[in-house]
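The block underneath contains the structure these notes are about, expressed in structure tokens.
The values are calculated or read from the model by the stated rules, or taken from the named source; none is laboratory data. If you're wondering where the values come from, they're calculated on a predicted model, not measured in any experiment. We place every Cβ from the backbone using ideal geometry, glycine too, and count neighbours over all the protein chains shown. Just the protein is used for accessible areas: all its heavy atoms, side chains included, with ligands, DNA and RNA removed. Shrake-Rupley method; radii C 1.70, N 1.55, O 1.52, S 1.80 Å.
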Amino acid sequence: MNALVRRSTETNTIKWGASVIQIFGYGATAIGLAPLNMYLFLAGLIGWLIVGWRWNDMAMTLIHVIALAAMVIGLALA
């Protein structure tokens, strides 16, 4: 398997894993499971940050860096 296909497959796996984790975060929010929901969102954010970085998508990377900072601050103050 060449490096481009492997990298694409790895990034796709991260993308889908992060999406599923964030869906669980929404579910945890809906049923009031705090702070578990925050940790799930944090894991999903990190996944999407990696995807944005691998895709060289600066807009996606920037929004997830800002969201990550907000989440870390929120968790630190909780």
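Roll a 1.4 Å probe over the protein chains and send me the accessible area per residue for the chain in Å².
Details: 5310 Å² over 78 residues.
That works out to 68 Å² for each residue.
Which one of Leu68, Leu49, Leu33 has the biggest mean-square fluctuation once the chain is modelled by GNM with Cα springs under 10 Å?
Highest fluctuation among the options: Leu33.
Roughly how many percent of the accessible protein surface of the chain is carbon and sulfur, given a 1.4 Å probe and a whole-percent answer? Walk me through the numbers before you get to the answer.
Values: 3970 of 5310 Å².
Taking all protein chains in place, the chain shows 75 percent carbon and sulfur surface.
Once you put a point 7 Å from the Cα of Ile46 and another 7 Å from the Cα of Ala76, both along the Cβ direction, what distance in nm separates them?
Roughly 1.7 nm, to one decimal.
Helix 3-30: angle to the longest alpha-carbon principal axis of the chain, degrees 0 to 90, nearest 10?
With both axes taken from Cα atoms, the answer is about 10 degrees.
Taking Cα atoms, how many degrees apart are the long axis of helix 36-54 and the longest axis of the chain, rounded to 10 and kept between 0 and 90?
Result, in degrees: 20.
Looking at the chain, what % of the alpha carbon pairs are farther apart than 15 Å?
Everything past 15 Å amounts to 59 percent.
Who wins for biggest fluctuation among Ala18, Ala67, Ala30 in a Gaussian network model of the chain, springs between alpha carbons below 10 Å?
Ala30
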